[in-house]
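These notes concern the structure reproduced below.
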Amino acid sequence: MNPTGTTSIVITDTSILINLSHTSHLALLGKVGGLRFVVPDEVVAEVTEPEQLRTLEAAIANGSLRQESIASPDELTVFAELSQILGSGEAACLASPQAEAGLSPVMRSAYSFAKLAVDWATAAS
């Protein structure tokens, strides 16, 4: 647990999962107290190397990671907008049902900037 006694959510992108898998450290995510690691479906789909995918699926099965889907209309709208300028994994991380409540001020700024860029690109076309 963290000092406040709550669990913080960490939404993991593909590169982090691949790097931890490549170094045989993906299982460490399940051992970090006070943090819950979430992986969107789109991130799982980006892992295409068979051994890395097996390691990722094992981490999901043993509870080290929790796989989540983007499902609500608001989440799908954000995902569609961000997918215009980001990869599907990155867009899914920001559109994740956990993202809005758990974004740090820096990530909120990055998210706001990405949305502004999408709005600007849409208006310019």
Note: Ala80 to Asn19 extended length (0.36 nm per residue) minus current alpha-carbon separation gives 19.3 nm
Going by amide H atoms built from the backbone, whose H comes under 5 Å of the H on Phe37, apart from near neighbours? Val10, Arg66
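Summing Lys, Arg as +1 and Asp, Glu as -1, what charge do residues with Cβ under 11 Å from the Cβ of Ser83 carry, Ser83 excluded?
With Lys, Arg at +1 and Asp, Glu at -1, the neighbours total -3.
Bear in mind that the values in this text are calculations on the coordinates, not laboratory data. Treat the numbers as computed from the prediction; the structure is a model and nothing was measured. Positions of Cβ are backbone-derived with ideal geometry, glycine not excepted, and every protein chain shown enters the neighbour counts.
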